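Trainee: Encoded as structure tokens, here's the structure I'll be asking about.
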Amino acid sequence: IRGFFIGITEQAMSPGHLYRSLLEGNGFVLQQVLDVIHTVTGLELKEVRTSGGASRSDIQNQIIADITDRPVLAVETSEASLGSAVLALHSQGNQPPLSEVARRVVKIRKKFIATQDTHRAYLPALKRFASITETLYGSR
């Protein structure tokens with residue numbers, strides 16, 4: 001696990017700022033992952049679904065929506081193993097298509113839509129994050 005904070009000063013940083021920067025860092029890394037998926041596969045994922053602890057944080061989900069400019073659907077069941085259960089059920093044979101099994105089992109708690117002004121405000125920070133990450137860790 002690697003991480004960094006840039007620009008922390010006692011005058012400019014409260015515990016709330018530090019916490020929000022962690023949530024924003026999650027969103028920036030997710031955007032990088034989405035970019036890699038697109039580069040490698042040519043697929044453009046149209047939405048993000050969150051499960052586990054992240055699915056319970058409305059703030060985290062909104063930040064992800066704002067950074068990625070994609071709808072974020074937080075699943076009702078917070079256990080991240082739900083996806084494994086869906087795959088296990090589907091693998092039993094004589095099942096409808098995987099998308100149908102998932103639609104029946106996975107229930108959405110809340111949908112988060114990007115706020116365009118906030119998304120645009122994140123773009124320079126996302127570029128800085130990518131540049132700093134490449135400088136510190138090199139390209140992948």
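Trainee: State which residue pairs qualify: first residue in contact (Cβ under 8 Å) with a residue 12 or more places away in the chain and under 18 Å from Thr50 (Cβ atoms) and inside segment 81-102, second residue open to solvent by 60 Å² or more (accessible area, probe 1.4 Å) and not acidic (Asp, Glu) in any location, beta carbons under 8 Å apart, and separation of 6 or more residues or different chains.
Mentor: Short answer, once both residue conditions are applied: Val86/Leu98.
Trainee: Go through segment 65-94 and report how many residues are exposed (fewer than 15 other Cβ atoms within 10 Å of the Cβ), among the hydroxyl-bearing types (Ser, Thr, Tyr) and at pLDDT 80 or above.
Mentor: Result for segment 65-94: 2.
Trainee: Please determine, by comparing only the residues of segment 1-46 that are without any contact (Cβ under 8 Å) to a residue 60 or more places away in the chain, among the β-branched types (Val, Ile, Thr) and assigned to a loop (DSSP other than H, G, I, E, B), which one is nearest to Tyr122 (Cα to Cα).
Mentor: Ile8
Trainee: Name the single residue that is most open to solvent (accessible area, probe 1.4 Å) among those in segment 95-129 being within 17 Å of the chain's Cα centre (by Cα) and within 18 Å of Ser81 (Cβ to Cβ).
Mentor: Among those residues, the one meeting the criterion is Arg109.
Trainee: Right, next: Output the number of residues of segment 52-96 satisfying the condition of being farther than 25 Å from His38 by Cα and of a type in the set (D, E, K, R).
Mentor: 4
Trainee: Which residue is most open to solvent (accessible area, probe 1.4 Å), if the candidates are limited to segment 47-64 and must be touching a Lys or Arg at 6+ places or on another chain (Cβ under 9 Å) and not polar (S, T, N, Q)?
Mentor: Among those that are touching a Lys or Arg at 6+ places or on another chain (Cβ under 9 Å) and not polar (S, T, N, Q), it is Arg56.
The values are calculated or read from the model by the stated rules, or taken from the named source; none is laboratory data. Only a predicted model underlies this, so the values are computations on that prediction, with no experimental measurement involved. We place every Cβ from the backbone using ideal geometry, glycine too, and count neighbours over all the protein chains shown. Ligands, DNA and RNA are excluded from the accessible area calculation, which covers all protein heavy atoms including side chains. Shrake-Rupley method; radii C 1.70, N 1.55, O 1.52, S 1.80 Å.
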